[in-house]
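Asker: So that we are looking at the same thing, I have put the structure below in C-alpha cells.
Every number here is computed from the coordinates shown, using simple stated rules; none is lab data. Every value quoted in this text rests on a predicted model; they were computed, and no experiment measured them. Cβ atoms come from the backbone with ideal geometry, glycine included; neighbour counts cover every protein chain shown.
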Amino acid sequence: MKKPVPLNQAKWIIEPGCVVLVAAGTAEHANLMTFSWQTPIHTADPCLVLLVINRVRYTYELIRQNHELTINVPGESLLKQTHLAGTVTGRGIDKFAHCDLTPTPARIVQPPLVAECAGHLECRIVETHGVQSHDLLICEVVGASAESEFFDGAWIPEKFHTLHYMHGTKYGLLTRRVEV
Ligand SMILES: Cc1cc2nc3c(=O)[nH]c(=O)nc-3n(C[C@H](O)[C@H](O)[C@H](O)COP(=O)(O)O)c2cc1C
C-alpha cells in the first residue's frame, strides 16, 4: 500500500545523483563543501552542470571571487569525510586539513582538486539564477579526469561505490551495473 508523503518530505523520494565535494578558492586559500543538489543539464560540448547552493555558504564567498570551482567524486572510503565537509563550515578553519583531505592543483582552474576523490570536473560559472535562499549555478565543464580503474566511460560500481544522499546521516551506495 502506498501512503501519502508530506510535501515537505517529497524531495527525498527523488533525491538525485551522487554526492560530490565542491572545492573553491585558490592554491593559497581553498575550501570545500558537500553537495547533493547537482545534475548535468547539457551533455554535449560544452557540458553544463547545475549546482544549487545556499547563498550563506562560505564556499560561495570563494566561488564569487573567481567564478571557478571543482567538482570531486568521493567513494565509500570517504563517507565520513564527505559528511564532515557538509556539516562544518570552513569559515576560520582549514577544512581540507580538518577533514583529512588533500588539495592538489587542477589543470585549468584556480580551485584545487580533492586528491582522494576518484573523479574531477573543473568548472567555470557561466550563469547564476536566484531562487529564494539559493542560487542555481550553471557551470561549464572545462576539464575532467577520472581514475581509469574505476571509470570506463561510466563508473564501475563493482569496483567503486559512489555515495547517494538519502536523509539525515543516511547514504546509499551504488554497487551493481545492470544492462538493458
Ligand atoms: C550530504 C550533504 C549534501 C549537501 N548538499 C548541499 C547542497 O546541495 N547545497 C548546499 O547549499 N548545501 C548542501 N549541503 C550543506 C553544506 O555542505 C554545508 O552547509 C557545509 O558545511 C557548507 O560549508 P562552508 O560553510 O564551508 O561553505 C549538504 C550537506 C550534506 C551533508
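Asker: Please give the length that would be gained between K11 and L173 if that part of the chain were fully extended, namely 0.36 nm times their separation in residues minus their C-alpha to C-alpha distance (nm, one decimal). Intermediate values should be presented prior to the final figure.
Answerer: Details: separation 162, 0.36 × 162 = 58.32 nm, distance 1.86 nm.
Residue separation times 0.36 nm, minus the Cα-Cα distance, leaves 56.5 nm.
Asker: Where does each of 154-160, 66-72, 99-105 land if you order them by average Cβ count within 10 Å, highest first?
Answerer: Values: 154-160: 14.6, 66-72: 23.0, 99-105: 17.0.
Answer by packing, highest mean first, reads 66-72, 99-105, 154-160.
Asker: When the helix-only estimate is applied to the chain (DSSP H runs of n ≥ 4, each -39,500 (n - 2.57), divided by the residue count), what is the mean residue ellipticity at 222 nm, nearest 500 deg cm²/dmol? It would help to have the intermediate numbers written out before the result.
Answerer: Working: 3 runs with 20 residues, N = 180.
Mean residue ellipticity, 222 nm, calculated: -2500 deg cm²/dmol.
Asker: Taking a ≥ b ≥ c as the square roots of the eigenvalues of the Cα gyration tensor of the stretch 1-50, is the shape rounded (a/c under 1.5), prolate (a/b larger than b/c) or oblate? Write down the numbers at each step before the final one.
Answerer: Working: a/c = 4.41, a/b = 1.80, b/c = 2.45.
Oblate shape, in that a/c is at least 1.5 and b/c is the bigger or equal ratio.
Asker: Give the whole-number value, in cubic angstrom per residue, of the convex hull volume spanned by the C-alpha atoms of the stretch 1-130.
Answerer: Details: hull volume 18.8 nm³, N = 130.
Spread over its residues, the Cα hull of the stretch 1-130 gives 145 Å³ apiece.
Asker: No other cysteine beta carbon under 4.7 Å away is the test; run it over the chain and list who passes.
Answerer: C18, C47, C99, C117
Asker: In nm, what is the difference between 0.36 nm times the number of residues separating D100 and R64 and their Cα-Cα distance?
Answerer: Between D100 and R64, full extension yields 10.4 nm more.
Asker: Roughly speaking, what is the centre-to-centre gap between the stretch 1-78 and the stretch 115-164 when only Cα atoms are used, to the nearest Å?
Answerer: After rounding, the separation between the Cα centres reads 8 Å.
Asker: Please work out the FRET efficiency for the pair L79 and S148, using the Cβ-Cβ distance as r and a Förster radius of 30 Å; give the result to the nearest 0.05.
Answerer: Result of the calculation: an efficiency of 0.85.
Asker: Right, next: Averaging over every viewing direction, what projected area does the convex hull of the Cα atoms of the stretch 72-180 cover, in nm²? Walk me through the numbers before you get to the answer.
Answerer: On the way: hull surface 36.2 nm².
Projected area, direction-averaged: 9.1 nm².
Asker: Using Cβ counts within 10 Å as a stand-in for footprinting exposure, how do T26, T162 rank, fewest first? Let's see the in-between values first.
Answerer: Values: T26 15, T162 22.
Taking fewest neighbouring Cβ atoms as first place, the list is T26, T162.
Asker: Still on this structure: Which of the three applies to the stretch 132-180, rounded, prolate or oblate, going by the alpha-carbon gyration tensor with a ≥ b ≥ c and a/c under 1.5 meaning rounded? Please list the in-between numbers first.
Answerer: On the way: a/c = 2.46, a/b = 1.26, b/c = 1.95.
Note, shape of the stretch 132-180 comes out oblate.
Asker: State whether the stretch 37-83 is rounded, prolate or oblate according to the following rule on the C-alpha gyration tensor (a ≥ b ≥ c being the square roots of its eigenvalues): a/c under 1.5 gives rounded; otherwise a/b larger than b/c gives prolate, and the remaining case gives oblate. Spell out each step's value before the answer.
Answerer: Values: a/c = 2.03, a/b = 1.10, b/c = 1.85.
Oblate, because a/c is 1.5 or more while a/b does not exceed b/c.
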